[in-house]
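Structure record follows, encoded as structure tokens.
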Amino acid sequence: MTHSPRKIIIDTDPGQDDAVAILLALASPEDVEVLGITAVAGNVPLPLTQKNARIICELAGKPQVRVFAGCDAPLKRKLVTAEHVHGKTGLDGPQMADPVMPLQEGHAVDFIIDTLRREPAHTVTLCPLGPLTNIATAFQKAPDIVGRVQQIVLMGGAYFEVGNITPAAEFNIYVDPEAAEIVFKSGVPLVVMPLDVTHKALTNRARVEAFRGMGSEVGRMVAEWTDFFERFDMQKYGSEGAPLHDPCVIAYLIKPDLFTGRHINVEIETQSELTLGMTVADWWGVTKRPANALFMGGVDAAGFYTLLTERLARL
């Protein structure tokens with residue numbers, strides 16, 4: 001059975017794991033058609049995230065992909081970044097040359113709005129891999145597009161794993177909780193890849209060596225990026241490897257049966273000093289609040305890494 005590829009916009013703040021997600025998407029044209037990549041401030045500030053997005057497209061041999069710069073700060077808060085995880089450039093590890101391909105004219109938010117208005121309703125999926133600022137801004141600026149989105153598949157939040165930037169909050173949601181609240185209350189069908197899933201998709205030596213063993217520039221870069229941010233997570237969690245968070249989003253679009261979850265209510269905490277940015281996930285169904293998200297809880301890690309290795313080997 002052939003299916004036409006899902007049209008997607010990747011909204012991202014690269015980040016080594018964002019880079020792997022983008023590479024996976026660009027390696028899988030039969031499954032996803034990347035209409036454009038929109039950069040947002042998050043892991044590192046916007047000038048670096050938009051530059052990193054272009055570096056990754058060039059690495060994939062796809063300089064024709066359109067990359068737009070978006071919001072450089074959260075809706076209402078000062079930007080919190082994660083250089084402590086990703087390094088000063090956001091892609092620390094291997095040496096990277098500056099990109100040659102241009103940044104597109106125009107703002108990422110306008111690109112999102114124009115694309116959703118132009119494409120038939122319910123044919124474009126948004127794939128946010130960072131803070132939700134660009135998506136929320138587009139929804140506020142053009143409410144007519146909200147009902148046209150097919151689905152939002154995002155990496156963010158946590159429930160059983162709770163937080164990674166504060167005791168209660170996951171980084172992407174914490175950076176712009178007001179944006180997250182807008183997206184989670186939007187009524188768009190949501191699929192959420194929280195830390196609960198991504199922390200079950202850990203690298204290990206064999207998985208990293210499989211990337212390195214591809215003998216390609218892509219394989220070498222992915223192995224070096226993984227080596228770099230693995231050190232941080234292994235120290236922090238005492239785990240064998242590091243989670244590749246963001247590729248879970250793209251893997252879900254290609255092979256949804258790798259993941260298991262529940263359709264539940266998820267609310268975003270925006271008021272509390274203690275739990276700001278927490279994704280309050282009603283996993284046990286103890287409230288009467290209506291379900292608004294397919295919140296993932298499990299992943300077939302071996303299948304996930306097999307898919308990743310097979311696809312990245314194409315680039």
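Looking only at region 68-95, which residues are farther than 14 Å from Gln50 by Cα and aliphatic (A, V, I, L, M)?
Leu75, Leu79, Val80, Ala82, Val85
Scanning for something small (Gly, Ala, Ser), out of contact with any helix residue (DSSP H, G or I) (no Cβ under 6 Å at 6 or more places or on another chain), surrounded by fewer than 18 Cβ atoms within 10 Å (Cβ to Cβ) and not in a helix (DSSP H, G or I), does region 75-89 turn up at least one residue?
The answer is no; no qualifying residue exists.
Name every residue in region 90-144 that is among the β-branched types (Val, Ile, Thr) and not in a helix (DSSP H, G or I), in order of residue number. Don't jump to the end; show me each part of the working.
Narrowing region 90-144 to residues among the β-branched types (Val, Ile, Thr): 100, 109, 112-113, 115, 123-125, 133, 135, 137.
If the condition is that a residue be among the β-branched types (Val, Ile, Thr) and not in a helix (DSSP H, G or I), then Val100, Thr123, Val124, Thr125 are the ones that fit.
Among the numbered conditions (1) in a loop (DSSP other than H, G, I, E, B); (2) within 20 Å of Gly15 (Cβ to Cβ); (3) small (Gly, Ala, Ser), tell me where Ala251 comes up short.
Failing condition for Ala251: (1).
What single numbered condition from (1) surrounded by fewer than 19 Cβ atoms within 10 Å (Cβ to Cβ); (2) modelled with pLDDT of 95 or more; (3) at negative phi; (4) not in a strand (DSSP E or B) fails to hold for Val280?
Tallying (1) surrounded by fewer than 19 Cβ atoms within 10 Å (Cβ to Cβ); (2) modelled with pLDDT of 95 or more; (3) at negative phi; (4) not in a strand (DSSP E or B), Val280 fails exactly one: (4).
Within region 11-27, can you find the residues that are in contact with a strand residue (DSSP E or B) (Cβ under 9 Å, 6 or more places away or on another chain), farther than 16 Å from Ile112 by Cβ and outside any helix (DSSP H, G or I)?
The answer is Pro14, and nothing else.
Would it be correct to say that Glu230 is more than 19 Å from the chain's Cα centre (by Cα), crowded, with 19+ Cβ neighbours inside 10 Å, over 19 Å from Leu26 (Cα atoms) and not hydrophobic (A, V, I, L, M, F, W, C)? Working first, answer last.
Working: more than 19 Å from the chain's Cα centre (by Cα): no; crowded, with 19+ Cβ neighbours inside 10 Å: yes; over 19 Å from Leu26 (Cα atoms): yes; not hydrophobic (A, V, I, L, M, F, W, C): yes.
No; evaluated as a whole, the condition is false for this residue.
Tell me whether region 4-19 contains one or more residues that are under 18 Å from Cys248 (Cβ atoms) and surrounded by fewer than 23 Cβ atoms within 10 Å (Cβ to Cβ).
Residues of region 4-19 that are under 18 Å from Cys248 (Cβ atoms), as a first pass: 6, 8-19.
Retained after the next criterion (residues that are surrounded by fewer than 23 Cβ atoms within 10 Å (Cβ to Cβ)): 6.
For region 4-19, residues under 18 Å from Cys248 (Cβ atoms) and surrounded by fewer than 23 Cβ atoms within 10 Å (Cβ to Cβ): present.
Restricting attention to region 296-315, which residues are touching a Lys or Arg at 6+ places or on another chain (Cβ under 7 Å) and hydrophobic (A, V, I, L, M, F, W, C)?
Within region 296-315, Val299, Ala301, Leu307 meet the criteria.
Out of Glu58, Glu30, report the one residue that is within 19 Å of Leu315 (Cα to Cα), among the acidic types (Asp, Glu), out of contact with any helix residue (DSSP H, G or I) (no Cβ under 6 Å at 6 or more places or on another chain) and part of a loop (DSSP other than H, G, I, E, B). Reasoning before the result, please.
On the way: Glu58 fails: part of a loop (DSSP other than H, G, I, E, B).
It is Glu30.
With (1) aliphatic (A, V, I, L, M); (2) more than 28 Å from Arg6 (Cα to Cα); (3) modelled with pLDDT of 95 or more as the list, and Ala179 as the residue in question, which single condition is left unmet?
(2)
Restricting attention to region 125-146, report how many residues are surrounded by 15 or more Cβ atoms within 10 Å (Cβ to Cβ) and either over 19 Å from Met193 (Cβ atoms) or of a type outside the set (Val, Ile, Thr) (or both).
Within region 125-146, the subset surrounded by 15 or more Cβ atoms within 10 Å (Cβ to Cβ) is 125-139, 142, 145-146.
Checking which are either over 19 Å from Met193 (Cβ atoms) or of a type outside the set (Val, Ile, Thr) (or both) leaves us with 126-132, 134, 136-139, 142, 145-146.
Final tally of qualifying residues: 15.
Select, from Leu253, Leu195, Leu244, the only residue that is touching an Asp or Glu at 6+ places or on another chain (Cβ under 7 Å), farther than 30 Å from Lys76 by Cα and either hydrophobic (A, V, I, L, M, F, W, C) or at pLDDT 95 or above (or both).
Numbers: Leu195 fails: farther than 30 Å from Lys76 by Cα; Leu244 fails: farther than 30 Å from Lys76 by Cα.
Testing whether each residue is touching an Asp or Glu at 6+ places or on another chain (Cβ under 7 Å), farther than 30 Å from Lys76 by Cα and either hydrophobic (A, V, I, L, M, F, W, C) or at pLDDT 95 or above (or both) leaves just Leu253.
Would you mind stating whether Val286 is modelled with pLDDT of 95 or more and either touching a Ser or Thr at 6+ places or on another chain (Cβ under 9 Å) or not in a loop (DSSP other than H, G, I, E, B) (or both)?
No, not satisfied.
List the pairs whose first member sits in region 228-255 and is at negative phi and polar (S, T, N, Q), whose second member is at pLDDT below 95 and not in a helix (DSSP H, G or I), and whose Cβ atoms are under 6 Å apart, counting only residues at least 6 apart or on separate chains?
Partner pairs satisfying both residue conditions: Ser239/Leu202.
The values are calculated or read from the model by the stated rules, or taken from the named source; none is laboratory data. Note that the structure is a prediction, hence the values are computed from the model and not measured. Neighbour counts run over all protein chains shown; Cβ positions are idealised from the backbone, glycine included.
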